[in-house]
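As structure tokens, the structure follows; a few thoughts come after it.
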Amino acid sequence: MQAIAERLQPIRHALGARTLVMGVLNTTPDSFYDGGRYASLNAALARAEQMLAEGADILDIGGESTRPGAEPVPEDEELRRTIPLIEALAARYPNAILSIDTTKSRVAELALQAGACIINDISGMTFDPRMAEVAAQAGALVVLMHIQGTPRTMQLSPHYADVVAEVRDTLRAHAQRAEQAGIPRENIWLDPGIGFGKTVQHNLQLLRHLPTLKSLGYPILIGTSRKSFIGHLLGGLPPEERLEGTLATLALAVAWGADIVRVHDVQAAVRAVRIADALVRHSPNANDSLSLDRDSTPSDCDSFPSNRDSTPSDRNPFSMDRNQTTIDRKQP
Ligand code: HH2
């Protein structure tokens with residue numbers, strides 16, 4: 001097996017030039033959207049193959065649901081759900097970039113040995129004190145997410161004096177702790193944790209103010225896929241009917257600075273972020289297509305300011321601030 005640093009090369013190269021898509025693959029019986037669908041090894045392998053064919057840059061494998069109210073899963077069970085799948089994926093798709101979605105250092109350690117190279121930790125490496133050491137020793141990339149409380153309690157009464165400032169400060173502290181533990185800066189991605197101890201209004205504010213989080217200087221990952229705030233904003237739609245709402249959040253998250261999106265629907269997300277990339281990143285592919293488009297001129301493209309050229313502070317033109325406090329206690 002190639003060293004982790006070598007396996008991470010393709011995403012390092014693409015980062016910033018285009019939005020990376022991380023496909024969700026939960027082997028749990030109870031995840032809020034895909035729970036129970038990929039519990040067998042064969043079903044999970046087939047889904048992985050489909051997501052890779054659809055253009056997923058990373059597959060994020062999870063063996064413990066973190067939906068609101070979820071009970072912790074014993075380590076043995078989480079290992080049983082994830083390690084054989086990672087081994088099988090690494091053997092079948094040696095170039096695939098695999099991420100383990102866990103807060104347990106032992107699960108992360110065995111997942112890295114089995115072929116994963118990213119640790120996606122919703123606790124920002126705070127639930128398990130050994131996590132940072134495991135990541136540093138292996139040379140793994142880490143996704144450090146913000147959460148208020150634990151999955152069991154986080155949606156009971158989320159509260160912040162200033163959600164954007166508090167999430168920014170916590171993420172900065174997570175990154176500093178990671179660097180002190182020996183994880184190099186280029187191996188750290190940050191995530192505001194949409195739906196993790198947040199009301200609808202908190203989620204909206206964090207998305208609108210992504211430039212403030214981006215100003216910390218690390219790549220930003222966003223996980224809005226089919227989450228409950230989208231259902232609430234659309235009059236109570238269930239997870240199965242939240243794809244269009246998800247795509248809207250992806251496009252705007254890219255415009256506001258997201259570098260990686262974590263999604264259940266890879267094909268739809270890839271298509272959405274490619275268009276968002278063409279608009280905000282002026283990606284070379286988009287300019288190639290423009291030259292074939294007789295209704296457009298290059299100046300059509302150039303007339304749109306790119307957020308990436310502006311200062312990272314608050315450049316958000318939308319300043320709605322409704323006092324919506326609805327929260328969902330069963331879905332993130
Ligand atoms: N969301 C979920 C799980 N892991 N990791 C990061 N970094 N960011 C997220 O927003 C995030 C995450 C929840 O989604 P899902 O895995 O589909 O659900 P469940 O926790 O019920 O398995």
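Does the stretch 126-236 come out rounded, prolate or oblate by the C-alpha gyration tensor, with a ≥ b ≥ c the root eigenvalues, rounded set by a/c under 1.5 and, if not, prolate when a/b is larger than b/c and oblate if not?
The shape class here is prolate.
Under the rule of -39500 (n - 2.57) per DSSP H run of 4 or more residues, summed and divided by the residues of the chain, what mean residue ellipticity at 222 nm is obtained, to the nearest 500 deg cm²/dmol? If you can, show how the numbers build up before the last one.
On the way: 13 runs with 140 residues, N = 332.
About -12500 deg cm²/dmol.
In what sequence do Lys214, Lys198 fall when counting other Cβ within 10 Å, fewest first? Before the final figure, lay out the partial values.
On the way: Lys214 21, Lys198 27.
With the fewest neighbours first, Lys214, Lys198 line up as Lys214, Lys198.
Return the long-range amide H neighbours of Thr153 (sequence gap of 5 or more, or a different chain), with a cut-off of under 5 Å between placed amide H atoms.
Gly69
Quick one: compute the contact order of the chain, relative version, from alpha carbon pairs under 8 angstrom and 6+ residues apart, as a percent.
It comes to 19 percent, rounded to a whole number.
Rounded to the nearest 0.05, what FRET efficiency do Arg106 and Asp30 give with R0 = 25 Å and r taken as the Cβ-Cβ distance? Could you check?
Result of the calculation: an efficiency of 0.70.
Shape verdict for the chain, please, from the Cα gyration tensor: rounded (a/c under 1.5), prolate (a/b greater than b/c) or oblate.
rounded
Can you tell me the Rg and the Dmax, both Å, for the Cα atoms in the stretch 142-206?
When restricted to Cα atoms, the stretch 142-206 yields Rg and Dmax of 12.5, 36 Å.
Calculate, in nm to one decimal, what Met1 and Ala161 gain on full extension: separation in residues at 0.36 nm each, minus their alpha carbon distance.
52.8 nm
Quote the Stokes-Einstein diffusion coefficient, in whole µm² s⁻¹, for the stretch 29-149, based on the Kirkwood radius over alpha carbon pairs, a temperature of 37 °C and a viscosity of 0.692 mPa s.
227 µm²/s
Bear in mind that the values in this text are calculations on the coordinates, not laboratory data. What you are looking at is a predicted structure, and each value in this text was computed from that prediction instead of being measured. We place every Cβ from the backbone using ideal geometry, glycine too, and count neighbours over all the protein chains shown.
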